[in-house]
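Please read the structure below before turning to the comments.
Rule-based calculations on the coordinates, nothing more; no lab input. Note that this is a predicted model, so its numbers are computed, not measured. Ideal geometry is used to build each Cβ from the backbone, glycine not excepted, and the neighbour counts take in all protein chains shown.
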Amino acid sequence: IQRTFSIIKPDATKRNLTGAITAKLEEAGLRVIASKRIRMTLEQAQTFYGVHKDRPFFGELCEFMTSEPVVVQVLEGENAIAKNREVMGATNPADAAPGTIRAEYALSVGENSVHGSDAPETAAEEIAYFFSGLELVG
Ligand code: GTP
Ligand code: MG
């Protein structure tokens, strides 16, 4: 059993897609063991996306992530990290497989509806950045 960290991004919360996206995650066999709606601060976004700080889209990405509330979640399941990335689809919705969250809902490569951790180490870091151990109810 593995845990991963997910964000339902501003483009999706704004369009009332929190439930539809969560349903897709659950249908894929992922269990939501923690969930909260927050408004990210610019500092939180910059720290969270620190690995991308030298990319040309960094400023736009951080502004986007603070533009509307997001829903941060911890997902649990067999191979949760890979399973989540599979159901999310490719970063650019134009490349995302049919039926994936990004194929169905994302607006662009930037406004792409969801985030998912890419490895066990980043999953652990990202979970700890937004949740205390007491908030994870498996
Ligand atoms: P995440 O789960 O969000 O990390 O997606 P990813 O791993 O598929 O993408 P990556 O880590 O490469 O990029 C992180 C996020 O930066 C993406 O999800 C996009 O929201 C944003 N991003 C990536 N490339 C671009 C780009 O070319 N333009 C803009 N505006 N945003 C981008
Ligand atoms: Mg990534």
What's the whole-number percent of alpha carbon pairs in segment 97-138 lying beyond 14 angstrom? 62
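Taking the Cα centre of segment 30-103 as the origin, how large is its charge dipole in debye, to the nearest 20, when only Lys and Arg (+1) and Asp and Glu (-1) carry charge on their Cβ atoms? Spell out each step's value before the answer.
On the way: 9 positive and 9 negative charges, 42 e Å.
So the dipole magnitude of segment 30-103 works out to roughly 200 debye.
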So, R0 is 41 Å and r is the distance between the beta-carbons of Ile1 and Glu60; what FRET efficiency does that work out to, to 0.05? 0.70
When the scattering of the chain is computed by the Debye formula from its Cα atoms alone, each counted once and equally, what is log10 I(q)/I(0) at q = 0.20 Å⁻¹? -1.28
Per-residue counts of other Cβ atoms within 10 Å, averaged by peptide: what ranking do you get for 41-54, 88-101, highest first? 88-101, 41-54
In segment 1-126, taking the dipole from +1 charges on Lys and Arg beta carbons and -1 charges on Asp and Glu beta carbons about the Cα centre, the listed residue (Tyr105, Gln46, Asn79) farthest towards the positive end is Tyr105
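Per-residue ellipticity at 222 nm for the chain, helices alone: DSSP H runs ≥ 4 residues times -39500 (n - 2.57), over residue total, nearest 500 deg cm²/dmol?
-10500 deg cm²/dmol
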Let's see if you can work this out: charge +1 on each Lys and Arg Cβ, -1 on each Asp and Glu Cβ, no other charges. What is the dipole magnitude of segment 71-117 about its Cα centre, in debye to the nearest 20? 40
Name the lysines eligible as straight-distance cross-link partners of Lys53: C-alpha to C-alpha under 25 Å, and not fewer than 8 places from it in the same chain. Lys9
